[in-house]
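The values are calculated or read from the model by the stated rules, or taken from the named source; none is laboratory data. What you see is a predicted model, and the numbers here were worked out from it, not measured in a lab. All Cβ positions, glycine included, derive from the backbone under ideal geometry; neighbour counts span all protein chains shown.
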């Protein structure tokens, strides 16, 4: 397949699956296998990191109004050149005064420290289709069960008696919920295919959060988590460290264009995906995504069993 077309296809796959609870890592790995992309090629390793960053950067743009509210930022008469400094000052202040920002930081720290210590274990699992297929399958059943248990409370809405849900928006979250969600997010790092989105959403629902609030917190938590993780991997790759490194000097004009296409496509598709997902989940829940996970996971495991049998 032409590299430009391949970049468009991979950008679409990343954009569609990064924030849906179906595991972008597993889908990219499956696509790489189908398109015979060499996993020992440092360029394509870096390409995957770049398009993930493209998808992640859609979140600050999509949630810019909510983020501004949480950190207390108002545009006012601030000169354009000074706006970034004002945003930074507001963000630092929000860490001490804004509960949504505080809990996002707490959950991030709870995830980041163990994930960093388990870097070698995570690296060994990233290319295992067996682990990804199993994680897709098991995670699908977990998501389906959790969402089904919470469905009656979702239908009853806020104020209903004997409801499992007591947190209907991010502002009402507790410290315990943030720590629990951060801990559960570690599973998605250790077992690729689990899906960071699935683990945080299901964890939030188990802790008494509504679909919408668990989903929104999942999105906000992914901003620091994925930005730090992808930038760290990208820096290692560009500096010639880590597995299959590639230096910037090794990328020709063709390579830069392929990277740019994947980045832009991933950003645009991810933005549309987030907008659609937020509206869809409020009305219909996560069952269709759970079923999809189960089907894909079963197909991957069946394929592997046939290939090794």
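For segment 250-279: of the residues being in a helix (DSSP H, G or I) and out of contact with any helix residue (DSSP H, G or I) (no Cβ under 9 Å at 6 or more places or on another chain), which is nearest to residue 216 (Cα to Cα)?
Out of the qualifying residues, it is 279.
Just to be sure before I move on: is residue 104 over 21 Å from residue 180 (Cβ atoms), at pLDDT 90 or above and assigned to a helix (DSSP H, G or I) in the structure I sent?
Spelling it out, it is not the case that residue 104 is over 21 Å from residue 180 (Cβ atoms), at pLDDT 90 or above and assigned to a helix (DSSP H, G or I).
Among the listed residues 62, 47, identify the single one that is under 25 Å from residue 270 (Cβ atoms) and surrounded by fewer than 21 Cβ atoms within 10 Å (Cβ to Cβ).
Going through 62, 47 in turn, the sole match is 62.
Can you pull out the residues in segment 277-309 that are closer than 30 Å to residue 2 by Cα and under 17 Å from the mean Cα position of the chain (by Cα)?
Passing the criteria: only 293.
Are there any pairs with C-beta distances below 6 angstrom linking a residue in segment 40-66 that is within 20 Å of residue 257 (Cα to Cα) to a residue that is not in a helix (DSSP H, G or I), with the two at least 6 apart or on different chains, and if so which?
Note: pairs meeting the criteria are 42/244; 42/245; 42/246; 43/246; 44/37; 45/244; 46/246; 55/18.
Checking residue 87 against (1) touching a helix residue (DSSP H, G or I) at 6+ places or on another chain (Cβ under 8 Å); (2) in contact (Cβ under 8 Å) with a residue 24 or more places away in the chain, which test does it fail?
Here residue 87 clears every test but (2).
How many residues does segment 143-165 contain that are surrounded by 17 or more Cβ atoms within 10 Å (Cβ to Cβ) and closer than 16 Å to residue 21 by Cα?
Of the residues in that region, 4 qualify.
Taking only segment 41-59 into account, find how many residues are under 23 Å from residue 188 (Cα atoms) and part of a loop (DSSP other than H, G, I, E, B).
Result for segment 41-59: 1.
Quick test for you: out of 131, 122, 165, 181, pick the one residue that is in contact with a helix residue (DSSP H, G or I) (Cβ under 9 Å, 6 or more places away or on another chain), in contact (Cβ under 8 Å) with a residue 40 or more places away in the chain and not in a helix (DSSP H, G or I).
Of 131, 122, 165, 181, the one residue that is in contact with a helix residue (DSSP H, G or I) (Cβ under 9 Å, 6 or more places away or on another chain), in contact (Cβ under 8 Å) with a residue 40 or more places away in the chain and not in a helix (DSSP H, G or I) is 165.
Any chance you could count how many residues in segment 204-214 are surrounded by fewer than 24 Cβ atoms within 10 Å (Cβ to Cβ) and free of Cβ contacts under 8 Å to residues at least 60 places away in the same chain?
Counting residues in segment 204-214 that are surrounded by fewer than 24 Cβ atoms within 10 Å (Cβ to Cβ) and free of Cβ contacts under 8 Å to residues at least 60 places away in the same chain gives 3.
When you check residue 94 against the structure, is it assigned to a helix (DSSP H, G or I), under 17 Å from the mean Cα position of the chain (by Cα) and surrounded by 17 or more Cβ atoms within 10 Å (Cβ to Cβ), yes or no?
No; evaluated as a whole, the condition is false for this residue.
Per-residue answers, yes or no, for (1) at pLDDT 85 or above; (2) more than 27 Å from residue 253 (Cα to Cα):
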| site | (1), (2) |
| --- | --- |
| 8 | yes, no |
| 13 | yes, no |
| 20 | yes, yes |
| 38 | no, no |
| 71 | yes, yes |
| 74 | no, yes |
| 90 | yes, yes |
| 114 | yes, yes |
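Can you give me the number of residues within segment 1-38 that are outside any helix (DSSP H, G or I), surrounded by fewer than 17 Cβ atoms within 10 Å (Cβ to Cβ) and either in contact (Cβ under 8 Å) with a residue 24 or more places away in the chain or in contact with a strand residue (DSSP E or B) (Cβ under 7 Å, 6 or more places away or on another chain) (or both)?
2
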